[in-house]
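A short write-up of the structure that comes next.
The values are calculated or read from the model by the stated rules, or taken from the named source; none is laboratory data. All figures in this text were calculated on a predicted structure; none of them were measured in a lab. Please note: Cβ atoms are built from the backbone with ideal geometry, for glycine as well, and neighbour counts cover all protein chains shown. Accessible surface areas use protein heavy atoms only, side chains included; no ligands, DNA or RNA. Shrake-Rupley method; radii C 1.70, N 1.55, O 1.52, S 1.80 Å.
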Number of protein chains: 2
Amino acid sequence: MISTALADEFRSIVGERWFLDTPEDLATYSYDGFLPEFKPDGVIIPGSTDEISRIMRLANRERINIIPRGAGTNICGSSVARKGGIIIAFHRMNRILEIDPENRCAVVQPGVVNADLQKEVGRYGLMYPPDPASMFVSTIGGNVALNAGGPRGVKYGVTRDYLLGLEAVLPSGEVIKTGGKTLKNVSGYDLTRLMCGSEGTLGIFSEITVRLIPLPPAKATLQAVFSDLDDAATTVSAIIGSGIVPTTLELMDRVVLGVIRDYGGAEFSKEAEALLLIEVDGEEVLVEVQGKRIERFCKERGAIEVERTNSPEEAERLWQARRTAFGAVARLRPNCIVEDATVPVKRLSDIIRKIVELADKYQLKIAILAHAGDGNLHPLIMTDLRDREEMARIDKALEELYEAAIAMGGTLSGEHGIGIAKARFMTMEFSQSAIEIMRGIKRVFDPNNILNPGSFL
Amino acid sequence: MISTALADEFRSIVGERWFLDTPEDLATYSYDGFLPEFKPDGVIIPGSTDEISRIMRLANRERINIIPRGAGTNICGSSVARKGGIIIAFHRMNRILEIDPENRCAVVQPGVVNADLQKEVGRYGLMYPPDPASMFVSTIGGNVALNAGGPRGVKYGVTRDYLLGLEAVLPSGEVIKTGGKTLKNVSGYDLTRLMCGSEGTLGIFSEITVRLIPLPPAKATLQAVFSDLDDAATTVSAIIGSGIVPTTLELMDRVVLGVIRDYGGAEFSKEAEALLLIEVDGEEVLVEVQGKRIERFCKERGAIEVERTNSPEEAERLWQARRTAFGAVARLRPNCIVEDATVPVKRLSDIIRKIVELADKYQLKIAILAHAGDGNLHPLIMTDLRDREEMARIDKALEELYEAAIAMGGTLSGEHGIGIAKARFMTMEFSQSAIEIMRGIKRVFDPNNILNPGSFL
């Protein structure tokens with residue numbers, strides 16, 4: 001709890017309207033995509049870099065925790081006030097400040113919604129590739145804080161690969177600028193990428209410069225249904241091994257397909273054990289050649305149905321199943337935990353086998369969605385958070401899952417972040433020395449530990 | 001100077017043969033591509049991670065400076081013992097440990113030469129894109145330390161974009177591992193990219209995992225000669241603006257062309273004021289379409305000669321001029337200083353105009369080579385380091401050049417690094433707060449400041 005006098009000081013920085021502390025407001029900001037609730041002491045919504053700076057100076061002086069939050073769609077608990085404090089939100093700072101087609105970049109405020117940026121740059125024949133599933137609500141600031149990925153990652157990489165520069169407010173209130181509009185920049189330590197994926201623990205982004213690329217003129221979409229999961233996994237390897245770099249290469253397992261079918265999201269053959277949704281984009285001639293080649297790979301490796309289309313409407317219909325998946329799975333039980341185990345792509349079938357084995361061992365209902373092209377898996381665990389006994393089994397299964405992923409040369413998180421959700425697993429991936437280095441870096445930026453404390457470190 | 005007893009301790013770690021301290025050896029390691037000389041107190045050549053770790057533990061205990069050095073081709077003075085100490089070199093650790101075609105990555109020791117890696121991965125139909133001009137001698141360890149770029153950067157990016165993971169020895173002797181074989185990894189702070197480009201000041205790389213991409217099946221090379229530099233610059237903008245992403249887009253100015261002509265490197269029309277060397281790569285159909293389109297752009301914008309070829313032999317002939325350029329320019333005067341100003345690509349003609357103006361103002365002979373596609377310029381200043389009066393003029397010109405580049409939204413270094421060469425300009429690009437953050441990070445990794453001290457911080 002903060003005192004009324006202090007609340008008034010915060011209010012005086014942003015104006016009465018932009019400091020919220022009614023019980024309803026606090027409840028709204030008490031959770032993110034990760035489920036446990038932590039009620040903040042207030043919510044502040046700055047309108048400028050200067051206001052952020054003044055907020056931080058006050059918070060630093062009074063040792064008040066500040067937790068930056070985009071749209072709160074992250075599913076690792078990296079935008080909640082676990083140790084109390086004030087949530088700082090960015091819906092007032094949601095302007096695209098500049099689209100610079102000649103230099104192929106854009107400068108945005110942190111609160112710009114990803115899909116809005118995509119749409120605006122599309123008018124210039126440009127594309128901002130990172131496409132997290134949350135893109136219609138999640139913000140660029142949040143995307144940078146979490147280093148968000150998405151289905152297009154297999155060809156285009158993740159948020160980090162498109163981040164050129166930052167203006168960031170340090171916990172002290174000081175404003176630093178890193179990077180800029182140039183594609184190449186090797187001056188000093190790479191603070192830009194250090195802050196990318198730092199989950200709101202190092203600084204608050206007040207301005208973000210991102211790289212854009214030419215919008216690919218053509219696209220082909222393929223859907224291939226397999227009666228054997230291993231055939232689908234082999235096809236993934238064949239495509240990747242052939243030198244084709246697909247834009248997306250999504251895999252859904254039998255459980256997901258069953259749920260989508262029941263939900264009325266799409267029709268699949270009863271023998272369907274796995275589905276691949278594949279896209280290639282680029283120049284028209286290229287897309288034609290690669291689309292046909294992928295179709296052949298699928299058929300040669302036992303696909304029982306293959307559809308290929310260049311029509312945007314048909315493609316939309318094929319994507320419908322993928323988009324329905326999460327909602328369809330989530331409605332089966334009160335809660336759905338989305339995991340993020342990631343392995344080198346050739347271990348894909350091994351990690352899928354491990355997940356199936358864990359579901360059996362711990363009597364859990366797990367569906368598998370995967371960005372198969374880059375080894376990034378999303379096991380969806382259907383559960384009920386109130387069932388403590390089942391939650392205890394899930395905890396054990398997750399521990400085994402991440403141990404297996406790390407043993408295969410993988411990582412705790414491909415694109416969702418660590419946050420509260422996976423803090424306890426950090427020592428699986430990092431030695432004590434590496435964690436101490438991270439803690440030291442945190443102290444350099446934030447000596448009083450006021451910025452999103454209680455997160456992954 | 002280090003004591004005989006201490007030298008013996010270092011010797012006992014690596015074996016008699018691998019600790020050098022004869023005057024000849026010290027002279028060999030007293031300079032890098034940046035010219036001033038600093039004699040080290042010894043040179044040590046470890047054969048394993050464990051030996052590096054023992055070296056660092058001893059150095060840390062005795063407060064002996066250690067300066068990591070690849071092939072010493074960097075031109076910013078980031079691999080010399082400016083404050084005394086021992087050079088650590090890696091020619092014993094030059095093995096490619098693994099090429100993993102299914103996961104499209106390779107694991108190498110730091111001393112592997114860039115071109116050797118390129119050649120080996122080529123056998124698997126794969127490519128390691130970063131191609132610094134020094135690639136036939138420079139090492140992957142050095143490339144990572146400097147975050148090296150190269151002509152292909154305009155399409156493929158720089159070393160950072162292909163770095164997946166590191167094993168690094170900290171000044172304390174502790175070994176940390178960061179990243180790995182997965183394309184996506186967002187666990188904890190991004191120590192991998194923080195160490196990339198850190199110029200040997202944070203840790204010593206003992207194992208490096210890099211990302212590979214499919215080798216493009218076809219390539220087209222074009223050379224276009226212009227009688228007006230502005231026409232060449234407009235053509236660069238037209239190509240970039242058209243949505244084509246060329247593999248390389250190199251520009252040479254009149255001075256460079258004149259020198260190459262005199263040197264017998266190639267023939268150009270007497271009216272030649274600028275030359276563009278352009279490559280596109282990818283699927284054959286694509287290369288054909290894009291090659292023709294670029295040829296048309298060049299002709300429409302006043303090119304007086306255009307050659308286009310798909311033949312590797314012809315391409316080699318066209319590259320000959322670019323490759324001759326540096327050597328040809330360098331022989332005109334005793335020394336040649338290569339600068340690295342980088343601006344957003346649409347300011348290309350502005351910065352070129354500024355360089356021409358500075359050459360005139362300070363009576364300097366400056367030739368211009370540019371990776372024009374990404375705004376990364378290499379002004380070559382022909383001089384004689386012994387001429388103090390001229391060196392003073394160069395100092396002033398450089399200060400104005402970098403002030404102008406920063407004012408245009410550019411950076412001190414696109415791909416060469418800061419090192420000793422540009423340490424004094426850091427405050428042009430970074431605020432005191434940002435520099436303090438960098439110093440703080442340095443202290444976290446290296447509290448006794450023994451790793452390449454006297455470099456850019």
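How much length is gained on full extension from A:Lys119 to A:Ser242, taking 0.36 nm per residue of separation minus their Cα-Cα distance?
So the extension gain works out to 41.0 nm.
From zero up to wherever the largest Cα-Cα distance of the range A:417-457 sits, split into 10 Å bins and tell me the percent of pairs in each.
Result, from short to long distances: 29, 56, 15 percent.
Report, as an integer, the average count of C-beta atoms from other chains found within 10 Å of each Cβ along B:401-412.
3
Could you give, in nm with one decimal, how far A:Lys396 is from each other copy of that position, shortest first, with labels 7 Å out from Cα toward Cβ?
Ordered by increasing distance: 7.9 nm.
Compare the peptides B:397-403, A:344-350, A:268-274 by average per-residue count of other Cβ atoms within 10 angstrom and give them in order, highest first.
A:344-350, B:397-403, A:268-274
Reported to two decimal places, what Rg/Rh ratio describes the range B:289-368 when computed on Cα atoms with Rh from the Kirkwood expression? Write down the numbers at each step before the final one.
Details: Rg = 16.4 Å, Rh = 15.8 Å.
Rounded to two decimals, Rg/Rh equals 1.04.
Take B:Leu385, project a point 7 Å from its Cα along the Cβ direction, then tell me which residues of the range B:19-47 have their backbone nitrogen under 15 Å from it.
B:27-40
Could you state the principal axis extents of the C-alpha atoms in the range B:1-138, from the largest down, to the nearest angstrom?
51, 33, 22
Could you tell me the largest-minus-smallest coordinate of the C-alpha atoms of the range A:62-197 on each of the three principal axes, in descending order and whole angstroms?
Principal extents (largest minus smallest coordinate, Cα): 47, 34, 28 Å.
Once the label point is set 7 Å along the Cα-to-beta-carbon vector, what list of distances in nm do you get between B:Arg17 and its counterparts in the other copies?
7.8
Using a label point 7 angstrom from Cα along Cα-to-C-beta, what distances in nm, from shortest up, separate B:Leu385 from the other copies?
6.5
Determine the shielding of peptide A:158-165 by partner chains: average, over its residues, the number of Cβ atoms on other chains within 10 angstrom of each Cβ.
Mean number of neighbouring Cβ atoms from other chains: 2.
When only Cα pairs under 8 Å and 6 or more residues apart are kept, what is the percent relative contact order across the range A:1-148?
Reported relative contact order: 20 percent.
Relative to the compact-globule scaling 2.2 N^0.38 Å, provide the ratio for the alpha-carbon radius of gyration of chain B. Walk me through the intermediate numbers first.
Details: Rg = 22.5 Å, N = 457, 2.2 N^0.38 = 22.6 Å.
This ratio for chain B stands at 1.00.
From Cα coordinates alone, what are the radius of gyration and Dmax values for the range B:319-456 in angstrom?
Reported Rg and Dmax, both Å: 16.4, 48.
What is the Cα centroid distance between the range A:312-349 and the range B:54-127, reported in whole angstrom?
After rounding, the separation between the Cα centres reads 41 Å.
Normalising by the residue count of chain A, find the relative contact order in percent from Cα pairs under 8 Å and 6+ residues apart.
Details: 979 pairs, mean separation 71.3, N = 457.
Relative contact order for chain A comes out at 16 percent.
Using the Karplus curve 6.51 cos²θ - 1.76 cosθ + 1.60 with θ = phi - 60°, work out ³J(HN,Hα) for each residue of the range A:70-84 in order, rounded to whole Hz, and write x for Gly and Pro.
x, 8, x, 8, 4, 10, 10, x, 9, 9, 10, 7, 4, 10, x
Which order, highest average first, do B:120-126, A:196-202, A:164-170 follow once you tally other Cβ atoms within 10 Å for each residue and take the mean per peptide?
Peptide ranking by packing, descending: A:196-202, A:164-170, B:120-126.
How shielded is A:428-437 by partner chains, expressed as the average number of their Cβ atoms within 10 Å of its Cβ atoms?
Taking all residues of A:428-437 together, the mean is 6.
Please list the non-local residues whose amide H lies under 5 Å from the amide H of A:Ala274, H modeled 1.01 Å from N, same-chain partners needing a gap of 5 or more.
A:Phe226, A:Asp228
So if I take the centroid of the Cα atoms in the range B:145-176 and the same for the range A:218-268, what is the distance between those two points in Å?
The range B:145-176 and the range A:218-268 have Cα centres separated by 34 Å.
So how far apart, in nm, are the two label points at B:Glu16 and B:Asp50 if each is 7 Å from Cα heading toward Cβ?
2.2
Between A:Val285 and A:Glu305, what FRET efficiency comes out of the Förster formula 1/(1 + (r/R0)^6) with R0 = 25 Å and r the beta carbon distance, rounded to 0.05? Don't skip to the end; give the middle numbers.
On the way: r = 27 Å, r/R0 = 1.07.
About 0.40, to the nearest 0.05.
Total Å² of accessible surface buried at the B-A contact, 1.4 Å probe, nearest 100?
6200
A 19 angstrom limit on the alpha carbon distance is what I want to check against. Which of B:Lys119/B:Lys219; A:Lys177/B:Lys396; B:Lys155/B:Lys219 exceed it? Before the final figure, lay out the partial values.
Values: B:Lys119/B:Lys219 17 Å; A:Lys177/B:Lys396 26 Å; B:Lys155/B:Lys219 13 Å.
Pairs exceeding 19 Å: A:Lys177/B:Lys396.
Using only DSSP helix segments of four residues or longer, with each worth -39500 (n - 2.57), what per-residue ellipticity at 222 nm results for chain A after dividing by its residue count and rounding to 500?
So the helix-based figure for chain A works out to -11000 deg cm²/dmol.
Taking the Cα centroid of the range A:361-383 and of the range A:390-438, what is the distance between the two, rounded to the nearest whole Å?
First find each Cα centre; the distance between them is then 16 Å.
Tell me which DSSP H helices of chain B clear both cut-offs, 15 Å or more of axial length from alpha-carbon atoms and a mean Kyte-Doolittle hydropathy of at least -1.0.
Flagged H segments are B:4-14, B:49-62, B:229-241, B:284-300, B:312-330, B:348-361, B:388-407, B:432-445.
What translational diffusion coefficient, in µm²/s and rounded to a whole number, does the Stokes-Einstein relation yield for the protein assembly as shown at 10 °C and a viscosity of 1.306 mPa s, taking the hydrodynamic radius as the Kirkwood radius over Cα pairs?
Answer from the Stokes-Einstein relation: 55 µm²/s.
Considering all projection directions equally, how large on average is the shadow of the alpha-carbon convex hull of the range A:1-54, in square nanometres?
Its average projected convex-hull area is 4.3 nm².
I'd like the FRET efficiency for A:Glu98 and A:Asp395, computed as 1/(1 + (r/R0)^6) with the beta carbon distance as r and R0 of 56 Å, rounded to 0.05.
0.75
With charges set only on the Cβ (+1 for Lys and Arg, -1 for Asp and Glu), what does the dipole of chain B come to about its Cα centre, in debye to the nearest 20? Could you put the intermediate results ahead of the total?
On the way: 53 positive and 63 negative charges, 136 e Å.
In total the dipole reaches around 660 debye.
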